[in-house]
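Participant: Before I ask anything, here is the structure I am working with.
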Amino acid sequence: MSDYQKIIPIANQILKKHELCDNCLGRLFSKKLHLSSNKLLGKKLKKNRTSTKCYICKNLFENLNHFLKIMFDVSSDYCFQTFSVGAIIKPSIVERDDCIRSQYKLRGIDSIKTDITKELAKAFSKKTKHIVDYRNPEFTFTMNFKDESCQIHSKSITLSGRYIKSMRGLSQKQKSCENCSGKGCRICNFHGISEFDSIEGMISQFIFDKLGGTTAKFTWIGGEDKPSLVLGNGRPFFVKLQHPHKRKLRLTSKIFNSLKITNLKIVPDSPKKPLKFISSINMRISTESKIDVSNLKKLKDLIKSPVVVYDVSGKRSEKKIFTVKYKKTSQNEFSLFLKADGGLPLKRFVNGDNVTPSISSIIGNLCKCQEFDFLDIHV
Ligand SMILES: [Zn+2]
Ligand SMILES: [Zn+2]
């Protein structure tokens, strides 16, 4: 006796007690017979029997097109290639499904939830040519069959780029929206920021314009003060954009008045560990007493051993200095060019606040950093 013949009496037994739709009946046996279409199997098992209302699903499968239309509507503003479908189903349906399964000892079969999401995904894929992907989908639908709503989620994307700041007076970071402290709310259009007058704000606005999305979270490769310039190839950054509408970027650069964004591209992820980088820095330093050039010469020794930095928590780190050049510009002022490990706290390095050695200690003259600019940053 074939597997198919074996299940006929069980199917008949169930049908005698309950009306089932083709999908639900077929689902109870398709795995065992290694068949892919529940509907066709159900139809075959039912022969000419018709059903008016399915005992398990109350004819949920007849309404697939209605739910499919909801999926089209909620996703029409999004571009994506891969997607998955989840579902929230009335507990009563799940209970009746479980009840039939245990009563007839049907093991290893798909749940009704699995089946309905499979059917929806298949139909959506057929119409849109998007690819079903349950492991790492770009876009996720969660169809709520209780109230016929559909939740959507668009997977975040990460971008990398560099910025060049050619005018003083622009902050690197943007203050969070006061209403939500950056989480995103109606007032800030779910961006977490409501003003766009910093480097972070300008880059964010550009990305929101091009790709949509809610919040943009930045990972900066170092930072500078509001009055500092960032020249050369610019400072690298990474930004993670939540809930993007688009996932492809055509423009790779953008020039605002005093800010240029370059090398913008979509990347797999932000760096997991802090990136090592080397900065070329120009500083303008003023001194308390008159400068003695013979003391300035001692600055050349900085390349011999690393500078030790203690942060507020007491954590110790070492920063190497690779190049030192200086020039006395007046009795109480000199300029200093350094090539150094990224993350050296420049103002503290000059005045000697928990950094040893410091410029002040080396030249034996209390120094103050008046201005510092980044000429280039190498990763
Ligand atoms: Zn059914
Ligand atoms: Zn807000």
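Participant: Taking the residues in segment 190-200 that are surrounded by fewer than 18 Cβ atoms within 10 Å (Cβ to Cβ) and more than 8 Å from ligand 2 (Cβ to nearest atom) as candidates, determine which candidate is farthest from Asn257 (Cα to Cα).
Facilitator: Checking each candidate, the answer is Glu195.
Participant: Met167 versus (1) closer than 17 Å to Arg235 by Cβ; (2) of a type in the set (A, V, I, L, M); (3) buried (at least 17 other Cβ atoms within 10 Å of the Cβ): which is the lone unmet condition?
Facilitator: (3)
Participant: Among the numbered criteria (1) in a helix (DSSP H, G or I); (2) buried (at least 17 other Cβ atoms within 10 Å of the Cβ), which single criterion is violated by Leu338?
Facilitator: Unmet condition: (1).
Participant: Just to be sure I understand, how many residues within segment 126-151 are crowded, with 16+ Cβ neighbours inside 10 Å and either hydroxyl-bearing (Ser, Thr, Tyr) or in the same structural domain as Thr214 (by TED's automatic domain parsing) (or both)?
Facilitator: Residues in segment 126-151 being crowded, with 16+ Cβ neighbours inside 10 Å and either hydroxyl-bearing (Ser, Thr, Tyr) or in the same structural domain as Thr214 (by TED's automatic domain parsing) (or both): 1 in total.
Participant: Tell me, yes or no, whether segment 173-189 has at least one residue that is among the β-branched types (Val, Ile, Thr) and either surrounded by fewer than 20 Cβ atoms within 10 Å (Cβ to Cβ) or in a helix (DSSP H, G or I) (or both). Walk me through it before giving the result.
Facilitator: First pass over segment 173-189, keeping only residues among the β-branched types (Val, Ile, Thr): 187.
Right, trim to either surrounded by fewer than 20 Cβ atoms within 10 Å (Cβ to Cβ) or in a helix (DSSP H, G or I) (or both) and you get 187.
Yes, segment 173-189 contains at least one residue that is among the β-branched types (Val, Ile, Thr) and either surrounded by fewer than 20 Cβ atoms within 10 Å (Cβ to Cβ) or in a helix (DSSP H, G or I) (or both).
Participant: Is there any pair linking a residue in segment 220-245 that is among the acidic types (Asp, Glu) to one that is modelled with pLDDT of 95 or more, with Cβ under 7 Å and at least six apart or on different chains, and which?
Facilitator: Glu224/Gln172; Glu224/Val230; Glu224/Phe374
Participant: What's the number of the only condition in (1) surrounded by 14 or more Cβ atoms within 10 Å (Cβ to Cβ); (2) touching a residue at least 12 places away in the same chain (Cβ under 8 Å) that Leu35 fails to meet?
Facilitator: Against the list (1) surrounded by 14 or more Cβ atoms within 10 Å (Cβ to Cβ); (2) touching a residue at least 12 places away in the same chain (Cβ under 8 Å), Leu35 comes up short only on (2).
Participant: If you don't mind, there's one more thing I want to ask. Going by what's in this entry, would Phe67 be described as assigned to a loop (DSSP other than H, G, I, E, B) and touching a residue at least 40 places away in the same chain (Cβ under 8 Å)?
Facilitator: Working: assigned to a loop (DSSP other than H, G, I, E, B): no; touching a residue at least 40 places away in the same chain (Cβ under 8 Å): yes.
No.
Participant: Hey, another quick one. Quick one: which strands (runs of 3 or more DSSP E) sit completely within segment 264-331 and have at least 3 residues that are loosely packed, with under 13 Cβ neighbours inside 10 Å and in contact with a strand residue (DSSP E or B) (Cβ under 7 Å, 6 or more places away or on another chain)? Reasoning before the result, please.
Facilitator: Details: elements: 278-287, 307-310, 316-319, 321-330.
Where strands (runs of 3 or more DSSP E) fall fully within segment 264-331 and carry at least 3 residues being loosely packed, with under 13 Cβ neighbours inside 10 Å and in contact with a strand residue (DSSP E or B) (Cβ under 7 Å, 6 or more places away or on another chain), they are 321-330.
Participant: Please find, among Asp115, Asp77, the residue that is in the same structural domain as Ala11 (by TED's automatic domain parsing), surrounded by 19 or more Cβ atoms within 10 Å (Cβ to Cβ) and either away from ligand 2 (no atom under 16 Å from the Cβ) or of a type outside the set (Val, Ile, Thr) (or both).
Facilitator: Values: Asp77 fails: surrounded by 19 or more Cβ atoms within 10 Å (Cβ to Cβ).
The unique qualifying residue is Asp115.
Participant: Which residues, taken from segment 30-44, are closer than 17 Å to Ile100 by Cα and away from ligand 1 (no atom under 13 Å from the Cβ)? Lay out the reasoning, then the answer.
Facilitator: Initially, segment 30-44 is screened for residues closer than 17 Å to Ile100 by Cα, giving 30-32, 38, 42.
Answer for segment 30-44, where residues must be closer than 17 Å to Ile100 by Cα and away from ligand 1 (no atom under 13 Å from the Cβ): Ser30, Lys31, Lys32.
Participant: Looking for whichever is free of Cβ contacts under 8 Å to residues at least 40 places away in the same chain, more than 16 Å from ligand 2 (Cβ to nearest atom), more than 30 Å from His245 (Cα to Cα) and assigned to a loop (DSSP other than H, G, I, E, B) here; the options are Glu19, Glu95. Which one fits?
Facilitator: Values: Glu95 fails: assigned to a loop (DSSP other than H, G, I, E, B).
Answer to the check: Glu19.
Participant: Here is a further query. It is to be established whether one or more residues within segment 227-236 are more than 16 Å from ligand 1 (Cβ to nearest atom), in contact with a helix residue (DSSP H, G or I) (Cβ under 8 Å, 6 or more places away or on another chain), under 28 Å from Ile281 (Cα atoms) and outside any helix (DSSP H, G or I).
Facilitator: Residues of segment 227-236 that are more than 16 Å from ligand 1 (Cβ to nearest atom), as a first pass: 227-236.
Keeping just the survivors that are in contact with a helix residue (DSSP H, G or I) (Cβ under 8 Å, 6 or more places away or on another chain) gives none.
Within segment 227-236, none of the residues are more than 16 Å from ligand 1 (Cβ to nearest atom), in contact with a helix residue (DSSP H, G or I) (Cβ under 8 Å, 6 or more places away or on another chain), under 28 Å from Ile281 (Cα atoms) and outside any helix (DSSP H, G or I).
Participant: Somewhere in segment 192-200, is a residue outside any loop (DSSP other than H, G, I, E, B), more than 16 Å from ligand 1 (Cβ to nearest atom) and more than 30 Å from Ser84 (Cα to Cα)?
Facilitator: Of all residues in segment 192-200, those outside any loop (DSSP other than H, G, I, E, B) come to 199-200.
In the following step, the residues that additionally are more than 16 Å from ligand 1 (Cβ to nearest atom) were identified as 199-200.
Keeping just the survivors that are more than 30 Å from Ser84 (Cα to Cα) gives 199-200.
The answer is yes; a qualifying residue exists.
Participant: From the list Thr214, Thr219, which one is outside the structural domain of Leu60 (by TED's automatic domain parsing), farther than 23 Å from Asn257 by Cβ, outside any loop (DSSP other than H, G, I, E, B) and of a type outside the set (D, E, K, R)? Give the steps one after another, and end with the answer.
Facilitator: On the way: Thr214 fails: outside any loop (DSSP other than H, G, I, E, B).
Selected residue: Thr219, the only one of Thr214, Thr219 that is outside the structural domain of Leu60 (by TED's automatic domain parsing), farther than 23 Å from Asn257 by Cβ, outside any loop (DSSP other than H, G, I, E, B) and of a type outside the set (D, E, K, R).
Participant: I'd like the full set of residues that are among the hydrophobic types (A, V, I, L, M, F, W, C) and under 24 Å from Phe67 (Cα atoms), limited to segment 98-113. Break it down into steps so the answer makes sense when it comes.
Facilitator: Of segment 98-113, the ones among the hydrophobic types (A, V, I, L, M, F, W, C) are 99-100, 106, 109, 112.
If the condition is that a residue be among the hydrophobic types (A, V, I, L, M, F, W, C) and under 24 Å from Phe67 (Cα atoms), then Ile109, Ile112 are the ones that fit.
Participant: Taking segment 45-89 only, how many residues are more than 16 Å from ligand 1 (Cβ to nearest atom) and more than 22 Å from Thr128 (Cα to Cα)?
Facilitator: 3
The values are calculated or read from the model by the stated rules, or taken from the named source; none is laboratory data. None of the values given here were measured: they were computed from a predicted structure. When we count neighbours, we look across all protein chains shown, and the Cβ atoms used for this are built from the backbone with ideal geometry, even at glycine.
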